[in-house]
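The values are calculated or read from the model by the stated rules, or taken from the named source; none is laboratory data. Here the structure is a predicted model, which is why all the values come from computation and not from measurement. Cβ coordinates were reconstructed from backbone atoms using ideal geometry, including for glycine residues, and neighbour counts include every protein chain displayed.
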Amino acid sequence: MFSIQITSTPSLEQIKKFVNKLEYAVLMDLTEFWKKWAVPAVAEEVGRIFATEGYGTWPPLSAKYAASKAKHYPGKRILRRTDMYYGAATEQRKAGNLFYVEKDKMTWGVDLGYFATAYGFPYPAALEKGSTRGMPARPVFEIASKSQHLQNNLVAALKNYLGKTIEKETIRHFGRR
């Protein structure tokens, strides 16, 4: 007795070749990854930096400024007086946000030209390094760029993105089994 079966099921070798080509193609254009996966991770990390006042590394406000701020902006924390900087740094569509995507990179930050025009001074740049106007350094993006937490989240997001994209394309190409 014998049986004969004709199947269109792809061989493991065919699937491996397809996945390798697909991985390469996906990595050649990460536009969707930047927009849907990286932006939330970066915005979350930058928001965390504001919430923790630079993970506790920012110097406190001067006594004089702290008293004035408490009077005129009660409850507002460091760098959150009007939330213009915070909004631009954490939300893609807020005034002053800077966001560019290319196939192989993403740029996220604040538009210093916007702040210079709106406030007469690009204060986010001065805050990153400190300024000659007596403004101490309270970095946001420098901390984010060195954040191991953000790096781990981006690697995990890329891994998930690749997995979901490869699964979707494999099903589209070979059909669901």
> So, of the residues in region 128-177 that are touching a Pro at 6+ places or on another chain (Cβ under 7 Å) and either among the hydroxyl-bearing types (Ser, Thr, Tyr) or at pLDDT below 90 (or both), which turns out to be nearest to Lys36 (Cα to Cα)?
Replying inline: Phe174
> Which ones in region 62-92 are of a type outside the set (Phe, Trp, Tyr) and within 24 Å of Ser147 (Cα to Cα)?
Replying inline: Arg77, Ile78, Leu79, Arg80, Asp83, Met84, Gly87, Ala88, Ala89, Thr90, Glu91, Gln92
>> Name the residue that is farthest from Thr170 (Cα to Cα), counting only residues in region 4-58 that are at pLDDT below 75 and hydrophobic (A, V, I, L, M, F, W, C).
In response: Ile4
>> Can you tell me how many residues within region 76-99 are without any contact (Cβ under 8 Å) to a residue 12 or more places away in the chain, out of contact with any helix residue (DSSP H, G or I) (no Cβ under 6 Å at 6 or more places or on another chain) and either charged (D, E, K, R) or over 24 Å from Val110 (Cα atoms) (or both)?
In response: 3
>> Under 6 Å between Cβ atoms, which residue pairs at least 6 apart in sequence (or on different chains) link something in region 44-66 that is surrounded by fewer than 13 Cβ atoms within 10 Å (Cβ to Cβ) with a partner that is assigned to a loop (DSSP other than H, G, I, E, B)?
In response: Pro59/Pro136
> If you take the residues of region 96-120 that are exposed (fewer than 15 other Cβ atoms within 10 Å of the Cβ) and aromatic (Phe, Trp, Tyr), which of them is modelled with the lowest pLDDT?
Replying inline: Tyr119
